[in-house]
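Asks: Would you mind keeping the following structure in view while I ask a few things?
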Amino acid sequence: MTSSDLSFESWWSARNAAMLRFAYALTAGDAHRAEDILQSAVAHVWRKWGQLLARQVDLDTYMRKAIANEHLAFWRLKRNHELPQESTNDQAVASTTDRVDDVDLVWRALSGLPRRHQVVLALRFVDDMSDAQIATMLGISESAVRSYSARGIAAIRARTTTPKPHAHASRPKENP
Amino acid sequence: MNDTESLIRAAYARHLDEAPALMRQPALPSARPRIKVALITTGAAVGVAAVAVGATVLLRGTNTTQQPAVGPSPSSAQPTATSPNGIDSQASAACRAVFGADAASASSTTVGTVRGWTIGPAATAPTSPFAGSFPGDTDDDYAVWCWVNQDGAWNAYAVDSHGTKVNMNYHITGSSTPPYGPPGLP
């Protein structure tokens, strides 16, 4: 959709569901963060709307890139400050009930990944983008995309192959 | 595809459909902003605030009492502003309903004030990047300025009586005391 007559509002009404999902995927379910990221990305794209139409930019790709950049920038900003560390993924898993299954463990593990890994995995698994497409969008090399992807998957594998909460749910046997 | 990749796909498939129900739509701007809100630290804010005041910065609104750019403590100039534990329980409740314990300060305002939140010195045309905020509300409807503690920064939001929040894209870092009232001017 690159028609010069296209209004931002009409484009957004058609595409907002996909963009909501993408922002939500990046934050692995942190709706507040996803809303903030999306709000900033919308403001950015809206400001550039005329230029984007004139240059016939792929609007979906540009919006995804804006969302990804907001995600990365947000966390770069926060990383520079002293913070009370949020609960780690492992702690969160340990506090859940034994109904947590492998898919939920993976979902929780996604929230603990470095942000670039999250972006690459979301683009790959949510939007089915190729390494080359991701590399072009993010302005990094294909090898970097493969590296982020492989390391992200490996981290999730490592977290989901550790003992699961329900393995500890039963009472340990007491020594006689 | 190995098992982990299958699980990742399954995790996204299971959880992403819930996004539209859990997330609010972003507020679409209705006027073209010309000035980008700057990210400032407290140290820089003092100087910036002095410049802003000296330049007679405009803050267009209905009944807003203008606050300094960085106001570490409430002043008598804005009696409705208070901390979440203060007497303005309506404002506090509105902020806490949206941000929970992260809400650091709350002060009452109106939707019209938020929509008219204007940046830019008097010498340039003021802009209202939030003119399209809170669609469906009237200018006289109740709203709240919320300052939220998010990962070491104070972030400014406006919230209406329905719980719709607008990120004012304004952050202050380096201060242990939460700001309050409307976001300061760059």
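The values are calculated or read from the model by the stated rules, or taken from the named source; none is laboratory data. Here the structure is a predicted model, which is why all the values come from computation and not from measurement. Note that we place each Cβ from the backbone using ideal geometry, even for glycine, and neighbour counts take in every protein chain shown.
Asks: Consider only pairs whose beta carbons are under 8 Å apart and that are at least six residues apart or on different chains; among these, list those whose first residue lies in the stretch A:20-44 and is more than 20 Å from B:CYS95 (Cα to Cα) and whose second residue is among the charged types (D, E, K, R) and crowded, with 24+ Cβ neighbours inside 10 Å.
Replies: Pairs that qualify, where the first residue is more than 20 Å from B:CYS95 (Cα to Cα) and the partner is among the charged types (D, E, K, R) and crowded, with 24+ Cβ neighbours inside 10 Å, are A:PHE22/A:ARG64.
Asks: Would you say A:ASP102 is more than 9 Å from chain B (Cβ to nearest Cβ) and either touching a strand residue (DSSP E or B) at 6+ places or on another chain (Cβ under 8 Å) or charged (D, E, K, R) (or both)?
Replies: No: the conditions fail for A:ASP102.
Asks: Kindly indicate the residue of the stretch A:22-36 that is crowded, with 22+ Cβ neighbours inside 10 Å and within 10 Å of the chain's Cα centre (by Cα) and also nearest to the other protein chains (Cβ to nearest Cβ) among those meeting that condition.
Replies: Ranking the qualifying residues of the stretch A:22-36, first place goes to A:TYR24.
Asks: Residue under question is A:LEU53, and the condition is that it be over 15 Å from the mean Cα position of the chain (by Cα), part of a helix (DSSP H, G or I) and not β-branched (Val, Ile, Thr); does it hold?
Replies: Working: over 15 Å from the mean Cα position of the chain (by Cα): yes; part of a helix (DSSP H, G or I): yes; not β-branched (Val, Ile, Thr): yes.
Here the answer is yes, as A:LEU53 does meet what is asked.
Asks: Scanning for something closer than 21 Å to B:ALA101 by Cβ, more than 11 Å from chain A (Cβ to nearest Cβ) and surrounded by fewer than 22 Cβ atoms within 10 Å (Cβ to Cβ), does the stretch B:135-142 turn up at least one residue?
Replies: Among the residues of the stretch B:135-142, not one is closer than 21 Å to B:ALA101 by Cβ, more than 11 Å from chain A (Cβ to nearest Cβ) and surrounded by fewer than 22 Cβ atoms within 10 Å (Cβ to Cβ), which makes the answer no.
Asks: I've got another one for you. Pick from the stretch B:1-47 the residues that are basic (Lys, Arg) and part of a helix (DSSP H, G or I): which of them is modelled with the lowest pLDDT?
Replies: Across the stretch B:1-47, the extreme among qualifying residues is B:ARG14.
Asks: Are any of the residues in the stretch B:116-125 over 12 Å from the mean Cα position of the chain (by Cα) and at pLDDT 75 or above?
Replies: yes
Asks: Name the residue that is farthest from A:ALA73 (Cα to Cα), counting only residues in the stretch B:143-174 that are within 11 Å of chain A (Cβ to nearest Cβ) and hydroxyl-bearing (Ser, Thr, Tyr).
Replies: That would be B:THR164.
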